[in-house]
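Below is one structure; the comments refer to it alone.
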Amino acid sequence: MSGRVVIVGAGMAAIRLAELLGSSGSHAPRASREADDPGITLLGDESHPPYNRILLSAVLEGTHSPDSLAMQVPPYADLRLGTRVVEIHREEREVELADRSRVPYDRLVLATGSIPTLPPIRGLVRMDGRLHEKVHAFRTLDDCRRLSAAVTHARNAVVVGGGLLGLQVARALSVRGLTTEVVEGGDHLLRSQVGARAGAILARDLERLGTTIYTGARAVRLDDRGLTLDNGYTLDTDLVVLTAGGRPSTALARRAELEVRRGIVVDRHLRTSDERIHAIGDCAQHGSQVTGFVPPAWEQAGLLARHLGGEDISYDGARTVARLRATDLDVAVLGEPEKAEGQVVEVSNPISGSHRKLVVRGGVIVAATLVGDLSRIGLITQHYDRATVLGPHEPGDLLMGERPTTPVALPDEAEVCACAGVSAGRIRACANFEDAKATTCATTGCGGCADAVRSLLAARPLEGTRT
Ligand SMILES: Cc1cc2nc3c(=O)[nH]c(=O)nc-3n(C[C@H](O)[C@H](O)[C@H](O)COP(=O)(O)OP(=O)(O)OC[C@H]3O[C@@H](n4cnc5c(N)ncnc54)[C@H](O)[C@@H]3O)c2cc1C
């Protein structure tokens with residue numbers, strides 16, 4: 001039991017932590033005893049109720065309404081929206097809010113996320129310090145609403161940055177009917193996650209879907225003529241969307257003199273250099289790693305909930321899973337396939353638009369890239385997570401064999417939901433789809449597992465299942 005827990009940021013990591021603190025029993029009972037003193041306080045500077053950030057591109061695309069993104073906030077948590085924390089007073093164990101009031105804590109958790117970086121493009125920022133009227137960031141629901149409104153008056157758009165977020169946004173704008181171009185400074189798309197061959201297949205897929213890709217080119221100037229690239233091209237455009245990366249939001253931690261490198265440095269207990277202060281999600285750095293994706297943020301939230309409930313935990317930062325959520329564009333990346341050492345087993349089919357790569361060390365999958373065909377993702381993730389030692393033919397069979405993994409055939413231990421780390425067996429134990437959502441959080445992240453969850457539930461023998 002850790003006393004009063006104050007969580008700064010009411011984003012995806014924070015809400016998951018609040019929920020798990022309650023379900024572990026360490027905080028919810030106290031809430032029911034002391035209604036005025038819930039024991040968990042969430043301080044978030046955005047004014048909207050917490051929402052699923054991954055699905056912002058689905059809102060932009062028009063397939064989801066903003067309301068459908070709402071995340072369930074546990075009733076026992078004291079959620080304060082529009083509340084910016086400006087200072088941490090470590091000696092007094094209090095945080096100070098923008099209105100100068102203070103909130104005491106026994107344990108403080110920083111879950112402040114990341115902030116988008118502005119690429120060095122002349123004309124991006126106006127004299128008054130605001131962004132040029134054509135320019136949009138894409139991180140918050142407010143950004144999404146502004147961009148969505150602008151799309152209705154636009155014919156074309158340029159997305160600056162060919163990473164996961166850039167590709168999501170480009171697909172959404174293209175589905176909305178805009179002529180869309182992507183400018184990426186690196187020599188291929190998704191260069192932080194995948195190799196050149198996979199990047200080229202993705203570029204071809206996007207071009208087939210109507211999006212033009214400029215790689216190895218940097219946007220350098222925005223003016224009345226359009227967005228000029230360093231190769232001399234000028235792209236006439238109504239909108240410029242910035243998706244060129246982000247950095248951990250660390251200002252608060254720096255001011256409090258916590259150890260900060262790229263992110264807020266945490267140890268295996270997800271503890272900062274102050275033992276009463278923890279950090280999780282996009283703002284945290286463990287070893288040399290900052291993450292930037294929901295699966296590791298939720299894994300950290302799960303471990304920290306157990307730690308605050310009194311368990312000994314050890315976070316090793318090993319599990320990084322990235323999944324692209326975009327219509328007609330499927331990408332999953334486990335670990336760091338371009339950095340991991342090991343033997344590479346790779347199958348590329350530019351004609352069908354699929355690329356699969358495993359990096360195997362000592363028979364164990366240490367990283368993987370899947371583009372186009374994700375039918376084997378469940379099995380590969382299972383082997384990756386469990387560090388299964390594979391026989392000499394198995395990596396090749398995993399990539400080449402007949403589609404082995406219709407969801408129905410998955411063994412109970414196979415992972416179905418990468419965001420929340422939920423196995424097929426846990427889904428099979430649920431009464432129905434809503435029950436699976438509520439009890440396991442499967443489908444509540446990127447939503448990519450929703451069909452698999454439905455198939456698993458539909459295929460259960462009726463006997464022995466709950467109704
Ligand atoms: C458009 C978009 C699409 C994405 N798609 C995917 C995807 O498909 N798959 C994937 O795995 N990941 C995706 N991500 C990344 C994913 O959303 C993040 O990894 C995840 O949200 C991290 O959770 P977090 O709680 O650390 O940060 P966030 O969810 O960003 O929450 C941090 C919150 O803290 C608030 N905050 C910051 N400072 C303060 C302060 N001083 N006081 C109070 N509040 C503060 C912020 O305003 C924010 O609301 C996407 C991100 C974006 C922006």
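Where a number appears in this text, it was derived from the coordinates with a stated rule and is not lab data. Not measured: the values here are computed from a predicted model. Don't worry about glycine lacking a Cβ; one is built from the backbone with ideal geometry, like all the others, and counts go over all protein chains shown.
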Can you pull out the trypsin sites (Lys or Arg not before Pro) in the stretch 77-148 that DSSP calls coil and that have at most 12 other Cβ atoms within 10 Å?
R100, R126, R130
Can you bin the stretch 31-163 into rounded, prolate or oblate? Criterion: square roots of the alpha carbon gyration tensor eigenvalues sorted a ≥ b ≥ c, rounded for a/c under 1.5, prolate for a/b above b/c, oblate for the rest.
oblate
Along the stretch 117-123, what does the Karplus equation 6.51 cos²θ - 1.76 cosθ + 1.60 (θ = phi - 60°) give for ³J(HN,Hα), rounded to whole Hz, x for Gly and Pro?
8, 8, x, x, 10, 5, x
Place a point 7 Å from the Cα of E346 in the direction of its beta carbon; the residues of the stretch 320-335 whose amide N falls under 17 Å from it are 332-335
The chain - Cys residues lacking any other Cys C-beta under 4.7 Å:
C144, C283, C419, C430, C441, C446
Rounded to 0.05, the calculated FRET efficiency for the beta carbons of A458 and T388 at R₀ = 30 Å is 0.60
Straight-distance crosslink candidates among aspartates and glutamates, where the alpha carbon sits under 20 Å from K339 and sequence neighbours closer than 8 are dropped
D187, D316, D385
If I require 27 Å or longer along the helix axis, counting alpha carbons, and a Kyte-Doolittle average no lower than 0.5, what helices from the chain are left? Use full DSSP H segments.
none
Global geometry of the chain, whether rounded, prolate or oblate, following the gyration tensor of its Cα atoms and the 1.5 cut on a/c
oblate
Specify which residue in the list G199, V333, S423 is farthest towards the positive end of the charge dipole of the chain, using unit charges on the beta carbon of Lys, Arg (+1) and Asp, Glu (-1), about the Cα centre.
G199
Report the full-extension gain for the segment A150 to F433: residue separation times 0.36 nm, less the Cα-Cα distance, to one decimal in nm.
98.3 nm
Where a ≥ b ≥ c are the square roots of the eigenvalues of the C-alpha gyration tensor, would you call the stretch 234-363 rounded, which needs a/c under 1.5, or, failing that, prolate if a/b is larger than b/c, or oblate?
oblate
Evaluate E = 1/(1 + (r/R0)^6) for R84 and R221, where r is the Cβ-Cβ distance and R0 equals 30 Å; express this FRET efficiency to the nearest 0.05.
0.30
So for the pair Y233, D397, with labels modelled 7 Å out along Cα→Cβ, what separation do we get in nm?
4.6 nm
Approximate spin-label separation R254-A196, in nm, with each point projected 7 Å along Cα-to-Cβ
3.6 nm
Count the net charge of all other residues whose Cβ sits under 15 Å from the Cβ of T117, scoring Lys and Arg as +1 and Asp and Glu as -1.
+1
When the Karplus curve 6.51 cos²θ - 1.76 cosθ + 1.60 is applied with θ = phi - 60°, which whole-Hz ³J(HN,Hα) does each residue of the stretch 179-195 get, with x for Gly and Pro?
6, 10, 10, 10, 10, 10, x, x, 7, 7, 5, 6, 5, 6, 10, 10, x
Which one of M400, T243, L131 is farthest out on the positive end of the charge dipole of the chain, using unit charges on Cβ (Lys, Arg +1; Asp, Glu -1) and the Cα centre as origin?
L131
